[in-house]
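Here, each number is a calculation from the coordinates, and none is a lab measurement. Quantities reported herein were computed from a predicted structural model and do not represent experimental measurements. Every residue, glycine among them, receives a Cβ derived from its backbone with ideal geometry; neighbour counts consider all protein chains shown.
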Amino acid sequence: MPPPQDDGAIPPAVKEEDFEALLTNSPFTRSLGVSDSIILTGIAQFENDVFATLLDTKTMESHVVSKTANFQGWQLVGVGGNAAEMRTWSAKIQVPGGEVVSIRYQQPPKKTVLAKSGAGSSGGSGGNSPPLSSAQLSEAKNAAVNYKEGFSSDGYPRAPPSEMVAKLSRLSVSQREDINRQMLGLRNQGLGLEERRKIYENLVDRSEQGRR
């Protein structure tokens, strides 16, 4: 007696339409949460905490990642490279699902590109904060020139101390402006005065080492 047409013992034949979802949304090609346009722009370390700043060069949104997952679920799990050479820096980011991707340092786009795009670094965790306003971009630029006076987001209650002024004097205006944009983004994120001061000092030290 022949077996019934569907007794559960023999799996049904696979049809071509069963592969449609796989072909249109392949797990080997789809984005896992980190765009190819994301670059590493800075690493800051103080005490046992490490922060990496990332920039999406398409949207000009800045993201801050650390050992604590941000709003997008990105978590910093490691950094590499020579501290004295920015071009060697890299950051390993774990994205939702557990995959770890490596992002290398790249020089941020020229400020003319920023002006054309109409947006700057947001600094918001996971990109939830808005881009820097035109007033903040202007503040970052002015503070890069008048660095002896300090600015709202460097973490100092008043003008920076003389030793910091000396370090800033050894950086280029563009380096100071880039640091200032990152710090304004961190302030938008809600980081307190003491945290910002430590990150600011570390960013200045690393930029200074990169020029040697």
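Highest-first packing order for the peptide set 153-160, 94-101, 54-61 is 54-61, 153-160, 94-101, based on the mean count of other beta carbon atoms within 10 Å. Once the Cα-Cα distance is subtracted from the 0.36 nm per residue extended length, the ASN146 to ARG170 segment shows a gain of 7.3 nm. Cross-linked pairs LYS58/LYS198; LYS58/LYS141; LYS67/LYS92; LYS141/LYS167; LYS67/LYS198: Cα-Cα separations exceed 20 Å for LYS58/LYS198; LYS58/LYS141.
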